[in-house]
1. What angle do you read, to the nearest 10 degrees and between 0 and 90, between the alpha-carbon axis of helix 17-36 and the longest principal axis of the chain?
2. Residue separation times 0.36 nm, minus the C-alpha to C-alpha distance between TYR115 and ASP77: what's the value?
3. Please return the longest stretch of the chain lacking exposed loop sites, where trypsin sites (Lys or Arg not before Pro) count only if DSSP places them in a loop and at most 10 other Cβ atoms lie within 10 Å.
4. Only Cα pairs under 8 Å and at least 6 apart count here; give the relative contact order of region 318-377 as a rounded whole percent.
5. Filter the GluC sites (Glu not before Pro) in region 162-261 down to the DSSP loop ones having no more than 16 other Cβ atoms within 10 Å, then list what survives.
6. LYS35: which lysines have alpha carbons under 20 Å from its alpha carbon, excluding same-chain residues fewer than 8 sequence positions away?
7. Over what distance in Å are the Cα centres of region 227-270 and region 283-332 separated?
8. With springs connecting C-alpha atoms under 10 Å apart, model the chain as a Gaussian network and identify which of PHE16, PHE126, PHE228 has the largest mean-square fluctuation.
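Only the coordinates and a few stated rules stand behind these numbers; no lab work does. This structure is a prediction, so every number in the text was calculated from the model and none was measured. All Cβ positions, glycine included, derive from the backbone under ideal geometry; neighbour counts span all protein chains shown.
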Amino acid sequence: MSKNTPKAIRGTQDIFGADAEAFAFVVETFERVRKLYRFRRAEMPVFEKTEVFSRAIGETTDVVSKEMYSFEDRGGDSLTLRPEFTAGIARAYLTNGWQQHAPLKLATHGPLFRYERPQKGRYRQFHQIDAEIIGAAEPQADVELLAMADQLLKELGIEGVTLHLNTLGDADSREQWRAALVEYFGKVRGELSEDSQERLKKNPLRILDSKDRRDQQFLADAPKIDDFLTDEAKGFFETVTSGLDAAGVTWKRAESLVRGLDYYRHTAFEFIPDEGTAAADALGAQSTVLGGGRYDGLMESLGGAPTPAVGWAAGIERLAMLVGEKAEPRLEAIVLVEDDRGLTAAIELLGQLRAGGVVAEIMASGSPKKRYDKAVKQQPRAILRVGASGYDTFSGDLSPGLKEVLTRRL
């Protein structure tokens with residue numbers, strides 16, 4: 001490579017070969033599963049007005065304050081490459097009149113952008129699959145979404161992953177819990193980490209998932225959400241857990257699993273690899289495979305009417321790491337042109353093979369001997385030799401699809 005050749009931008013990746021096949025397998029499986037659950041496909045712009053994310057995600061979050069790729073366009077508007085899907089989906093729901101379809105089940109996938117330190121399984125341009133149910137306040141929507149996620153992971157062949165589940169209660173439950181946390185952590189403020197001292201003012205719930213040892217000594221005795229749940233919130237969570245049991249989804253309670261933004265309600269969840277499993281070894285410290293929650297207050301932050309909603313997202317790169325390498329499709333047939341006068345017939349045959357679902361290539365360059373040697377080296381199931389007068393010989397293991405095309409052809 002020349003010194004003048006531009007290099008890839010740090011935190012981006014070029015995906016090829018077996019890695020690209022694993023990536024495609026994740027997307028194809030997601031598309032198949034979302035159709036089983038009748039989630040409708042949606043596509044949103046890769047960039048939005050900056051205020052969509054600053055209002056939806058929160059000005060004080062790291063994503064907005066430190067990680068967004070924002071720029072001013074020629075018209076003077078501040079635009080941002082999307083760092084997540086939910087805010088853009090919420091904006092689209094409000095501006096396109098999608099309320100008429102509520103409850104609306106949506107699914108999408110594509111690239112996202114965050115300026116953060118690149119590490120294993122995390123990039124500055126990365127890709128996610130995303131599923132949302134908007135306009136459904138019933139706990140059954142949470143069960144539906146979690147059952148879909150569970151089935152997706154199983155169909156991807158990912159094992160050793162468990163659903164970690166918590167409730168954040170309704171608005172009244174959350175407010176009382178928040179006040180109790182502020183009072184509790186306020187008494188030991190000086191002993192908390194610098195990050196948690198800042199969280200105490202802005203989003204005290206985030207202290208509960210701190211990994212800093214200075215904070216962890218106080219977590220065991222911190223107020224628990226269960227002490228503040230209203231009867232309605234308690235009933236909601238019980239309906240979700242009983243629904244998961246009925247759907248055969250294995251879960252465990254995770255009281256420290258929280259969401260810091262005020263618009264989150266009720267269910268919060270993450271699928272996390274079990275200790276000592278291959279999945280845990282593959283992901284290292286970045287342990288969450290898929291995560292999400294109920295965000296009933298988000299639409300109001302964007303100027304819409306109160307709208308219940310729940311959703312999840314998962315990184316395609318991380319899922320592809322757990323899926324492992326995927327081989328490229330097996331080459332079923334090579335059409336070997338032994339005489340250039342048979343090229344037209346060979347091209348015609350090649351088209352018929354592919355139209356019949358047969359993975360096929362043509363070998364028509366180099367000397368006849370080199371063509372044959374190259375064809376053998378690629379190890380197809382069958383070699384179809386075409387000469388000046390048509391087909392000379394068929395050799396190899398003919399698949400049913402290949403036999404059907406050849407039978408029609410001959």
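1. 70 degrees
2. Additional length available on full extension: 11.6 nm.
3. Counting at most 10 other Cβ atoms within 10 Å as exposed, the longest clean stretch of the chain is 212-329.
4. Relative contact order, region 318-377: 37 percent.
5. GLU255
6. Qualifying lysines at Cα under 20 Å: LYS105, LYS154.
7. Taking the Cα centre of region 283-332 as reference, the centre of region 227-270 is 18 Å away.
8. PHE16
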